[in-house]
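Since the structure comes first, as structure tokens, the remarks are kept for the end.
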Amino acid sequence: MTQDNILVIGGTGKTGRKVAQHLTALGHNVRIGSRSAKPSFDWEDITTWQEALTGMDKVYITFQPDLAVPGAPEAITALCEMAKKSNVQKLVILSGRGEKEAQHCEQIVINSGLQWSVVRADWFNQNFSESFFLDPIYAGQVALPRTEVKIPFIDTDDIAEIAVKALTEDKYNGRVLEVTGPELITFGDVISMINQATGRDIKLHAIDIDSYVEMLREHKVPESYIWLINYLFTNVLDGRNSSTTKTVDELLGRPAKSFADYATETAKTGVWNPNS
Ligand SMILES: NC(=O)c1ccc[n+]([C@@H]2O[C@H](COP(=O)([O-])OP(=O)(O)OC[C@H]3O[C@@H](n4cnc5c(N)ncnc54)[C@H](OP(=O)(O)O)[C@@H]3O)[C@@H](O)[C@H]2O)c1
């Protein structure tokens, strides 16, 4: 097996840290791309990118905060050009399922002239334990719009394994790997499963999107973040993603992780327990 030098952008994040662990275990040389890494890589400071790219064969791209935000296509275009000049061979980008703007960014990678794979993922299980839904779960009161929509939440363990396949196996060059979890579930199902796993009695309140945005403002959530949440609930969580794919089964030879299994594992860490 060849030993590659691989830059993992967001390499301490939800998917990146698992991708970095797997690649290191396989014997590849991993460089973390993040603001706290050395050399530092900051999406908001293009002067930091060259040093992170120098000497790299492949790059795993996770963009911050989301490929849907204004400015993402320009940043992805600049990264692709710099990667090409730096003799990078292959790019693997993490993208969002059902996001028109993210698919525009995918096209930039696809047309970069480098080898590429796209990992196009549905919403992560880990949004409930490592991201925006953790605080309300911890507080025991979750107010959300779109509680009726069925979503095939996917685990970042599965995304990471798929991304590693894409980074290390040539047969996935030129492929869009659309990944979902194994089942369609609602936010109500999610809260029931977390309650079952933790023994808690977390309440879910259905609210409309305008009230949700108002609530986020009252909690002094930054406007850029409110824009993203509003976009995702309005343009992505409208039922367009209410279908599953078999990509995990086909590539990993096993079913994707269920939300119930994720909830059981995560409950054991104590992250959802206000008394821990
Ligand atoms: N959440 C979902 O359900 C979902 C679904 C589909 C697709 N996605 C896509 O997933 C991507 C995010 O991937 P992820 O969830 O694996 O990562 P993540 O957990 O959001 O990312 C955290 C990582 O990014 C680094 N980081 C934060 N700001 C940065 C900046 N300005 N420049 C460079 N690095 C920065 C952090 O390290 P430092 O703090 O040290 O910089 C850390 O390594 C987004 O593009 C999103 O569109 C998400």
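Every number here is computed from the coordinates shown, using simple stated rules; none is lab data. Since the model is a prediction, treat every value here as computed from it, not as a measurement. Here Cβ is always computed from backbone atoms with ideal geometry, including for glycine, and neighbour counts include all displayed protein chains.
Here is the link list: Lys85/Lys246; Lys18/Lys58; Lys85/Lys171. Which ones come out longer than 26 Å on Cα distance?
Those over the limit are Lys85/Lys246.
For the chain, how big is Rg over Rh, using alpha carbon atoms and the Kirkwood form of Rh?
Rounded to two decimals, Rg/Rh equals 0.97.
From the phi angles alone, apply the Karplus equation (6.51, -1.76, 1.60; θ = phi - 60°) to region 152-162 and give each ³J(HN,Hα) in whole Hz, x where the residue is Gly or Pro.
Taking θ as phi minus 60°, the curve returns x, 3, 10, 8, 5, 4, 5, 4, 4, 5, 5 Hz for region 152-162.
With N set to the residue count of region 113-199, report its C-alpha Rg divided by 2.2 N^0.38 Å to two decimal places.
Ratio of Rg to 2.2 N^0.38 Å for region 113-199: 1.32.
Sorted by mean Cβ packing within 10 Å, highest first, what order do the peptides 107-120, 134-147 take?
Going from most to least packed, we get 107-120, 134-147.
Take region 204-276, drop everything but the C-alpha atoms, weight them equally and run the Debye formula without solvent; then report log10 I(q)/I(0) at 0.15 Å⁻¹ to two decimals.
For region 204-276, the Cα-only Debye profile gives -0.89.
For region 133-276, state what percent of all Cα-Cα pairs lands in each successive 10 Å bin, counting from 0 Å until the bin that includes the largest distance.
10, 33, 35, 18, 4
Convert 25 °C to kelvin, take the viscosity as 0.890 mPa s, use the Kirkwood radius over C-alpha pairs of region 5-60 as Rh, and evaluate the Stokes-Einstein diffusion coefficient in µm²/s, rounded to a whole number.
223 µm²/s
In whole Hz, what ³J(HN,Hα) sequence does region 76-87 give by Karplus (6.51, -1.76, 1.60; θ = phi - 60°), x for Gly and Pro?
Listing the rounded values in order: 5, 4, 5, 5, 4, 5, 5, 5, 4, 5, 8, 6 Hz.
Would you please state the base-10 log of I(q)/I(0) at q = 0.16 1/Å for region 1-111, with intensities from the Debye formula using one equal scatterer on every alpha carbon?
-0.67
Going by average Cβ density within 10 Å per residue, which order do the peptides 80-89, 150-159 take, highest to lowest?
Listed from highest to lowest mean packing, they are 150-159, 80-89.
Out of residues 5 or more away from Ala121 or on other chains, whose amide H comes under 5 Å of its own, with H placed 1.01 Å from N in the peptide plane?
So Ala121 has HN proximity to Ser95, Gly96, Arg97, Val179.
Could you give the length gained by full extension between Gln196 and Gln141, i.e. 0.36 nm per residue of separation minus their alpha carbon distance, to one decimal place?
That pair, Gln196 and Gln141, stretches by 18.2 nm at full extension.
Identify all lysines with a Cα-Cα distance to Lys14 below 19 Å; exclude those on the same chain that are fewer than 8 residues away in sequence.
Lys165, Lys257, Lys268
Counting only residues 5 or more places away or on other chains, whose amide H sits under 5 Å from the amide H of Ile151 once H atoms are built in the peptide plane?
Correct list: Ile185, Thr186.
Set the Förster distance to 35 Å, then compute FRET efficiency between Met82 and Glu223 from the Cβ-Cβ distance, nearest 0.05.
With a Förster radius of 35 Å, E is 0.70.
Taking only the alpha-carbon positions of region 187-227 and ignoring solvent, what does the Debye formula give for the base-10 log of I(q)/I(0) at q = 0.32 Å⁻¹?
Debye output, listed in q order: -0.96.
So, counting K/R as plus one and D/E as minus one, what does the shell of residues with Cβ under 13 Å around Leu228 add up to?
Computed value for this residue: -4.
Would you kindly derive the ³J(HN,Hα) couplings of region 243-260 from the backbone phi angles with the Karplus curve 6.51 cos²θ - 1.76 cosθ + 1.60 (θ = phi - 60°), listing them in order in whole Hz, with x for Gly and Pro?
Couplings: 7, 9, 10, 10, 4, 5, 4, 5, 7, 9, x, 7, x, 5, 5, 7, 5, 4 Hz.
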